Amino acid sequence: MRTIKGLTVATHCDSAMAGRMRIGADWETGTSGEFLEIMSPATGERVGYVPLATREDARRAVAAAQAARERIAGLSVWERSRLCGAVADVIDSRREELARLLCLEQGKPYHAEALGEVAAAATGFRVAGEQIKWLESASFPVEDRNKRAFSFLQPKGVFAVITPWNFPMALPSIYYLGPGLATGNAMVWVPAPTTSLVATKLTECLEAAGVPDGVVNLVTGDGPVVGDEIVASPGTDAIAFTGSSETGQAIATRGAGKPLLLELGGNGPTIVLEDADPRITAERIAAGCFTNAGQICTSTERILAHAAIHDALVEELVRVAGKIRMGDAFDAATTMGPLNNAPSAAKVDQHLADAVARGAKVMTGGGRAANLATPLHYQPTVVTSVTTDSLLNKEETFGPVAPVLRFETEDEARRLALSSRLGLSASIFTATIRHAFRWAEWLKVGIVNINEMCPYWEMHIPAGGAAGTRSGLGRTGGRHTLLEMSDLKTVTIDISR
């Protein structure tokens, strides 16, 4: 028996529990005859099986996308907008079914998070469909009186899309599938293996809404196999990826100069100045640490607190962490679910052990939660006396951990802020507008939230990694994603003849 990313590979499965891929007009299980067994991180029960695709399967999907690219590009903007709206309507009509599977496969609580994510996926398609109708290009004044010049947007062609497991419904819809459809691109989509059953259901919604065959092709399996194939394929024209910085670097290398839209790792600082309100600040920071069990690219990962507020802030963080409720994923009282997979939980274990070995103090939590359905449930954790050389400070932990570092002066706070090479998002808590603006302008991140948690974002707002960091390339959010997924073409006309 072998495993891939902690998932057992099976050669036989109950056909009623088998997920499917979509290549062109066909739903199928691929050519390998193998499946990945999906066990629920929330309940421990078997959820189903995901087809383990081969490179040949991925090549067929790319060919199907190439065959469909002119069909989707040939639709008018209004037709594509209506198609996005139809997808959103289908998602809404299947909200409970989708949320239940999302809860079981990803682990997030049904009432507190899963239902909201499905609603966000529908909204993502609607936003893309509306914004594409009002996305204007330009005409340009020119020196030659006999010339006219203007520009317009065209699809890039075929996108290779690779998405993670933390928001397997909303993220693909908001970042890539909705905008890709609105801009007229064909796509080959490789979702994370541990949440590919949800991806199958979402692709069924696209089919039911009337998305033409071959426009969105779903290929499931091991990223280094099928993901690598679509990234390197001469049949894909551009790449969209959300995931780790390390994988993003590998994709950029394998992509061989293709246009890239990458959202990568985050570990931007949350800076708490001495004039912040500790109670309100702790409530918002805790939301940034513990929402989705800390499994958000923009999660509050490290907290830099001025010495004058440090102790009061930590006390409040411990209080808020104590209000988190874990348990039955379908109980309305449950507010935080498990980590999605064993490697992620092991990483949190490693980061906490490293911090404690370097002198950190665990104020609450600090390990796996006992007496729950699986060992993937992790206690909401607050840690103090974290050193700059600890993994909690330098790397993305991706778990429900609030690491607090103390500073005395602004220069010290700046050194701490620069001690991680990741620059996706940051937060500043202060009552002084002058301090807020100075820090917001200075921080090397793509988005800064003032007096709000790091992961606060609305889907029309531009977000992404800052240059010089390892947090990505390009911008996602509303019209900005539409522009990233389009080519701007300029035309000049001689009107003298």
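The values are calculated or read from the model by the stated rules, or taken from the named source; none is laboratory data. Here the structure is a predicted model, which means the values were calculated and not measured. With ideal geometry, Cβ positions are generated from the backbone for all residues, glycine too; neighbour counts draw on all protein chains shown.
Is there a residue being β-branched (Val, Ile, Thr), over 30 Å from LEU376 (Cβ atoms) and not in a strand (DSSP E or B) anywhere in the range 205-212?
yes
Inspect all residues belonging to the range 284-293 and state whether any of them is of a type in the set (Gly, Ala, Ser), surrounded by fewer than 24 Cβ atoms within 10 Å (Cβ to Cβ) and touching a helix residue (DSSP H, G or I) at 6+ places or on another chain (Cβ under 7 Å).
no
Is it the case, given these coordinates, that VAL356 is over 20 Å from PRO41 (Cα atoms), not in a helix (DSSP H, G or I) and not charged (D, E, K, R)?
no
Which of the following residues is touching a helix residue (DSSP H, G or I) at 6+ places or on another chain (Cβ under 9 Å) and closer than 30 Å to ALA369 by Cα: ALA58, ALA42?
When all the criteria are applied, what remains is ALA42.
If PRO462 satisfies every condition in (1) closer than 30 Å to LYS147 by Cα; (2) surrounded by 16 or more Cβ atoms within 10 Å (Cβ to Cβ) but one, which is the exception?
Going through the list (1) closer than 30 Å to LYS147 by Cα; (2) surrounded by 16 or more Cβ atoms within 10 Å (Cβ to Cβ), PRO462 breaks only (1).
When you check ARG46 against the structure, is it within 26 Å of PRO400 (Cα to Cα), charged (D, E, K, R) and surrounded by fewer than 18 Cβ atoms within 10 Å (Cβ to Cβ), yes or no?
Yes; evaluated as a whole, the condition is true for this residue.
Rundown of residues vs (1) part of a loop (DSSP other than H, G, I, E, B); (2) basic (Lys, Arg), yes/no style:
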| site | (1), (2) |
| --- | --- |
| LYS258 | yes, yes |
| LEU261 | no, no |
| GLY266 | yes, no |
| ALA282 | no, no |
| ALA286 | no, no |
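When you look at GLU130, is it of a type in the set (Asp, Glu) and in contact (Cβ under 8 Å) with a residue 12 or more places away in the chain, yes or no?
So GLU130 fits the description; yes.
Just to verify a result, which residue in the range 465-489, among those that are β-branched (Val, Ile, Thr) and within 30 Å of ILE72 (Cα to Cα), is surrounded by the fewest Cβ atoms within 10 Å (Cβ to Cβ)?
Only one residue fits best here, namely THR476.
Quick one: in the range 426-471, of everything that is of a type in the set (Gly, Ala, Ser) and assigned by TED's automatic domain parsing to the domain that holds ILE296, which residue is nearest to GLU395 (Cα to Cα)?
Going through the qualifying residues, I end up with ALA426.
Can you name every residue in the range 195-242 that is of a type in the set (D, E, K, R) and more than 24 Å from GLY472 (Cα to Cα)?
Result: LYS201, GLU204, GLU207, ASP213.
When you look at THR281, is it of a type outside the set (Phe, Trp, Tyr), under 17 Å from VAL320 (Cβ atoms) and buried (at least 24 other Cβ atoms within 10 Å of the Cβ), yes or no?
yes
Report yes if VAL386 is within 25 Å of GLU274 (Cα to Cα) and surrounded by fewer than 22 Cβ atoms within 10 Å (Cβ to Cβ), otherwise no.
When the stated conditions are applied, VAL386 does not pass them.
Considering each of THR220, THR195 in turn, give the residue that is of a type in the set (Ser, Thr, Tyr), surrounded by 24 or more Cβ atoms within 10 Å (Cβ to Cβ) and either assigned by TED's automatic domain parsing to the domain that holds SER344 or not in a helix (DSSP H, G or I) (or both).
Exactly one of THR220, THR195 is of a type in the set (Ser, Thr, Tyr), surrounded by 24 or more Cβ atoms within 10 Å (Cβ to Cβ) and either assigned by TED's automatic domain parsing to the domain that holds SER344 or not in a helix (DSSP H, G or I) (or both), namely THR220.
Quickly run through the range 161-193 and pick out the residues that are closer than 15 Å to THR242 by Cα and hydroxyl-bearing (Ser, Thr, Tyr).
Of everything in the range 161-193, those that are closer than 15 Å to THR242 by Cα and hydroxyl-bearing (Ser, Thr, Tyr) turn out to be THR163, SER173, TYR175, TYR176.
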